[in-house]
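*Asks:* Submitted below is the structure of interest, expressed as structure tokens.
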Amino acid sequence: MKINWKRLAWVIFVCLYAALFFFNCFRPFDNWFMAYVYTMILIIWLAYEYYNRHLFFQSGFVPDALYFWLARASIALFFYSALVIGIAAIIWWPKNQIGLYPIIQVLGLLVLGYSIYLRMRAFQIKRANQGSVRLFYLSVAALFASLAFGYGSILLVVYVTVIGLPLVYWNYEIEKRILAGFTTYVEKQSTVDAKQRDYTKLWAKYIEKNVKKSSKK
């Protein structure tokens, strides 16, 4: 595997900077250590995904041109706002904490680990299908749930339940429909055996077809 040294150097710098920054940020406050451990595992994982050019909230199983921008932007905005709320629960808003330290935080780490496991399973599937899409968005749902427990925030539990999980389901339904439409298109257009199909070219033709449809409306 070829190493992208520039991207790797950036990832290492970000992880080292985050380790120092969040250590100094959390340390003066009560019940900080497990939240710090959770934050660093989350950052290292996201850095690994960044290095491999994977977006944490979008599977990459379908081309970018077919994603609905509002759903994509909404789920990204939710994640970053949830992260701010979680950090605020440790630093500025102790009354928002669930309590039961460190049991809740350990639960958050376990759910984060489960999210990583589901994501790895989704990417191990050679060609995207309904199962891989389902696994990926289950991993995103688990990631969002882990934020609430990892930071032990009452508000985050509500925020994830009311806004986060519906956003995950919305993105999942959009991607599932795109993939189903592409599968139907391939079955109708291609008479070649599945193992011999050039899916890159088929996606390009499918995108072109959908762009033409959009321009006619």
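The values are calculated or read from the model by the stated rules, or taken from the named source; none is laboratory data. Everything quoted here is computed from the prediction, not taken from an experiment. FYI the Cβ positions are ideal-geometry reconstructions off the backbone, even for glycines, and counts take in every protein chain you see.
*Asks:* Taking only pairs six or more apart or across chains, which ones have beta-carbon atoms under 8 Å, a first residue in region 16-28 that is over 16 Å from W92 (Cβ atoms), and a second residue that is not hydrophobic (A, V, I, L, M, F, W, C)?
*Replies:* A18/T39; F23/Y36
*Asks:* If you don't mind, there's one more thing I want to ask. Among the residues of region 180-207, what is the count of those that are out of contact with any helix residue (DSSP H, G or I) (no Cβ under 6 Å at 6 or more places or on another chain) and either assigned to a helix (DSSP H, G or I) or at pLDDT 75 or above (or both)? Explain how you work it out, then say what you get.
*Replies:* Of region 180-207, the ones out of contact with any helix residue (DSSP H, G or I) (no Cβ under 6 Å at 6 or more places or on another chain) are 180-181, 183-184, 187-201, 203-205.
Okay, now just the ones that are also either assigned to a helix (DSSP H, G or I) or at pLDDT 75 or above (or both), so 180-181, 183-184, 187-189, 194-196, 199-201, 203-205.
Number of matching residues: 16.
*Asks:* Exactly one of these conditions fails for A71: (1) small (G, A, S); (2) within 26 Å of I178 (Cβ to Cβ); (3) without any contact (Cβ under 8 Å) to a residue 60 or more places away in the chain. Give me its number.
*Replies:* Looking at each condition in turn, A71 falls short on (3).
*Asks:* With respect to L100, determine if the residue is among the hydrophobic types (A, V, I, L, M, F, W, C) and assigned to a loop (DSSP other than H, G, I, E, B). Show your work before the answer.
*Replies:* Values: among the hydrophobic types (A, V, I, L, M, F, W, C): yes; assigned to a loop (DSSP other than H, G, I, E, B): yes.
Yes.
*Asks:* Taking the residues in region 17-70 that are in a helix (DSSP H, G or I) and in contact with a strand residue (DSSP E or B) (Cβ under 9 Å, 6 or more places away or on another chain) as candidates, determine which candidate is surrounded by the fewest Cβ atoms within 10 Å (Cβ to Cβ). Walk me through it before giving the result.
*Replies:* Taking region 17-70 first, the residues in a helix (DSSP H, G or I) are 17-26, 33-51, 64-66, 69-70.
Next, only the ones that are in contact with a strand residue (DSSP E or B) (Cβ under 9 Å, 6 or more places away or on another chain) stay: 49, 64.
Working: E49: 16, D64: 11.
For region 17-70, the residue satisfying everything is D64.
*Asks:* Among the residues of region 155-179, what is the count of those that are in contact with a helix residue (DSSP H, G or I) (Cβ under 9 Å, 6 or more places away or on another chain), without any contact (Cβ under 8 Å) to a residue 60 or more places away in the chain and over 18 Å from L70 (Cβ atoms)?
*Replies:* 3
*Asks:* Can I ask one more? Does V133 fit the bill of being in contact with an Asp or Glu (Cβ under 6 Å, 6 or more places away or on another chain) and at pLDDT 75 or above?
*Replies:* On the way: in contact with an Asp or Glu (Cβ under 6 Å, 6 or more places away or on another chain): yes; at pLDDT 75 or above: yes.
Spelling it out, V133 is indeed in contact with an Asp or Glu (Cβ under 6 Å, 6 or more places away or on another chain) and at pLDDT 75 or above.
*Asks:* Return a yes/no flag: does region 62-79 have any residue that is touching a Ser or Thr at 6+ places or on another chain (Cβ under 8 Å) and at pLDDT 90 or above. Show your work before the answer.
*Replies:* Going residue by residue through region 62-79, those that are touching a Ser or Thr at 6+ places or on another chain (Cβ under 8 Å) are none.
No; the residues of region 62-79 include none that is touching a Ser or Thr at 6+ places or on another chain (Cβ under 8 Å) and at pLDDT 90 or above.
*Asks:* Sticking with this one: In region 103-158, which residues are under 25 Å from A89 (Cα atoms), of a type in the set (S, T, N, Q) and not in a helix (DSSP H, G or I)? Show your work before the answer.
*Replies:* Quick first cut of region 103-158, residues under 25 Å from A89 (Cα atoms) only: 103-116, 139-158.
Subsequent filtering for residues that are of a type in the set (S, T, N, Q) retains 105, 115, 139, 146, 153.
S153, the sole residue that qualifies.
*Asks:* Taking the options Q124, Q105, name whichever one is modelled with pLDDT under 95 and crowded, with 20+ Cβ neighbours inside 10 Å. Don't jump to the end; show me each part of the working.
*Replies:* Working: Q124 fails: crowded, with 20+ Cβ neighbours inside 10 Å.
When all the criteria are applied, what remains is Q105.
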